[in-house]
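Q: A single structure is presented below for examination.
The values are calculated or read from the model by the stated rules, or taken from the named source; none is laboratory data. From a predicted model like this one, the values you see are computed outputs, not experimental measurements. So basically every Cβ, Gly included, is an ideal-geometry build from the backbone, and we count neighbours across all protein chains shown.
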Amino acid sequence: MKNILLAALAVAATATAGTYTNPVIPGFYPDPSICRVDSDFYLVNSSFQFFPGVPLWHSRDLVNWEQIGNVLNRPSQLPLGEANAWLGIYAPTIRYNDGTFYMITTNVGPQAPAAGGNFFVTATDPAGPWSEPVWLEQGGIDPSLYFEDGKAYMTSNPDGAIWLCEIDPATGKQLTPSRAIWQGTGGRHPEAPHIYKKDGWYYLMIAEGGTELGHGVTIARSRDIYGPYTPDPSNPLLTNFRMAAQGSRIQGVGHADLVDAPDGSWWIVALGYRTIGNGVHTLGRETMLAPVRWDEGAWPVVNADGTLDVNMNASLLPQVPVDKPSGRVDFTRTRRLGHEWVYLRNPHINNYRLDPQGLTLTATPIGLDDSGSPTWTGIRQTQHVFDATTTLCLDPAAPAGTRAGITVYMDGGSHYDAAVESLGDGHQQAVCTLRLNAITHSFEPVGVRAGSKVTLRVEGEDDMYAFSASTDGGRTWKPLGRANARYLATETAGGFTGMTIGLFATGPEAADATFKDFTYNTEKPEK
């Protein structure tokens, strides 16, 4: 009986042919980095101007991921100042060494302490708490760590090349001079360096081409960690900037990290984005997965042809499904927002209150267009086809100009809002407003009874958002406006982030709006 049980367990642990869908982590979750501890995989992403920062994920099979926290969840770890969609927390790397997890990253912008932009934090439990930042001397962005024989090495990309130095893993002090070890294959913006050792070779994998259509992953190797590094003759290792992938909805593939599984297979996680009409993208750069063949002494090969797509075939690890957020939050019954909820920059937390009445947001003069931290909290939009609703009550005594509602938010200059607005003197209306850089457009408002419950809804299609309001609990809806999604696309709005769905309150002075619930539904099939 014992032998039969062992044989059954061995079969269960064997990879089996199967299919999965990219992205494995949908929505604005770019720059993935991954590590494995026994049979557990951990993954982190960039977060830019959002707080808390660096979302942290766990998986047992590389396909099903559960967010277990955010690495940077204290203002002392994450000063964001007036960071925008171009600034804040850039590409992190997660590594595990001798019982300790390390997350190393860059805080880009004037808000970074004078010590510099690169730092790492540590934890013995990936769910936290994580330490205060340990600041580093070598500049550049996209820092990574490699551990070997009691030594810790740091790579990053100052001066248009990949540089390496040895550091003290406790203090961050630089122990050796920085040395340039590779400039890549000639593509612009060589970045995202990671070092791996296999079969006596040090492999240095980087991203090149900029995080746009020409993005890709290249690799080189050396017998010495300091080089010289010889590039793979078949570079790029991974890119969708090829004829084989020109029909794929996924483009801009790059910025990758490799990981081996307990069964000996190799995998790569990378960013990419799903395009909508005219080749633009709105959801931001997302986390993709592809299988890797890496024979002994040979160069790694990604997915046979160096591309990836939405529908993937691979020999999968035994699948371990995880619980996903339900998509519905009853604010009157919850005492804590989930890990997926974030704020714009460092929030003024006294303006947010959860109690049996719901989620109360206190309006301030800091608006969604401003560079401070407005009263706003939201989640990432994860699919193009969705609907989101919220029911709220705006204080009937709120001064004229107070607005509270739901927003499809790319950045301060690019967002679509549906809100209940106070006109003063006890009058309110529901209105949809579009903010497109220097252009602001408002549709015809719908009158509502001051202080009453109003349900606001936004429905998303591939290239369109439609807003509506209900005053009878969702039985009937009055349209507020429609707008094309491409005006909020990264190619139009700029920045490194993606679309979020947020709740907000703004106004000339303090006034409360109480949100009863929030529903985010993505059950409609993508086109």
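Q: Is there a residue in the stretch 362-381 that is touching a helix residue (DSSP H, G or I) at 6+ places or on another chain (Cβ under 8 Å), of a type outside the set (A, V, I, L, M, F, W, C), on the phi < 0 side of the Ramachandran plot and surrounded by fewer than 22 Cβ atoms within 10 Å (Cβ to Cβ)?
A: yes
Q: Something else now. If you check Arg74, Arg36, which single one turns out to be outside the structural domain of Pro347 (by TED's automatic domain parsing), at pLDDT 95 or above, part of a strand (DSSP E or B) and surrounded by fewer than 22 Cβ atoms within 10 Å (Cβ to Cβ)? Walk me through how you get there before you give the answer.
A: Values: Arg74 fails: part of a strand (DSSP E or B).
Within the list Arg74, Arg36, the selection yields Arg36.
Q: Moving to a separate point now. Whether any residue in the stretch 148-156 is surrounded by 17 or more Cβ atoms within 10 Å (Cβ to Cβ), outside any strand (DSSP E or B), acidic (Asp, Glu) and in the same structural domain as Asp232 (by TED's automatic domain parsing) is what I want to check.
A: Checked against the condition, which is being surrounded by 17 or more Cβ atoms within 10 Å (Cβ to Cβ), outside any strand (DSSP E or B), acidic (Asp, Glu) and in the same structural domain as Asp232 (by TED's automatic domain parsing), the stretch 148-156 yields no hits at all.
So that you can scan it fast, the table gives a plain yes or no per residue for (1) in a loop (DSSP other than H, G, I, E, B); (2) surrounded by fewer than 21 Cβ atoms within 10 Å (Cβ to Cβ):
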site	(1), (2)
Asp61	yes, yes
Gln67	no, yes
Asn70	no, no
Ala91	yes, no
Tyr96	no, yes
Ile104	no, no
Pro113	yes, yes
Val121	no, no
Gly128	yes, yes
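Q: Here's another thing I want to ask about it. Take the residues in the stretch 460-472 that are in contact with a strand residue (DSSP E or B) (Cβ under 7 Å, 6 or more places away or on another chain) and assigned to a loop (DSSP other than H, G, I, E, B), then tell me which one is farthest from Leu283 (Cα to Cα).
A: Thr471
Q: Would you mind listing the strands (runs of 3 or more DSSP E) fully within the stretch 380-459 where at least 2 residues are in contact with a strand residue (DSSP E or B) (Cβ under 7 Å, 6 or more places away or on another chain) and farther than 28 Å from Ser326 by Cα?
A: 414-424, 427-436, 439-442, 446-448
Q: Looking at the stretch 349-359, can you tell me whether even one residue there is assigned by TED's automatic domain parsing to the domain that holds Gly507, of a type in the set (Gly, Ala, Ser) and either in contact with a strand residue (DSSP E or B) (Cβ under 9 Å, 6 or more places away or on another chain) or outside any strand (DSSP E or B) (or both)?
A: For the stretch 349-359, residues assigned by TED's automatic domain parsing to the domain that holds Gly507, of a type in the set (Gly, Ala, Ser) and either in contact with a strand residue (DSSP E or B) (Cβ under 9 Å, 6 or more places away or on another chain) or outside any strand (DSSP E or B) (or both): present.
Q: Still on this model: Can you give me the ranges of the strands (runs of 3 or more DSSP E) entirely in the stretch 176-230 with at least 1 residues that are among the aliphatic types (A, V, I, L, M), touching a Leu at 6+ places or on another chain (Cβ under 6 Å) and under 16 Å from Ala91 (Cα atoms)?
A: 191-198, 216-222
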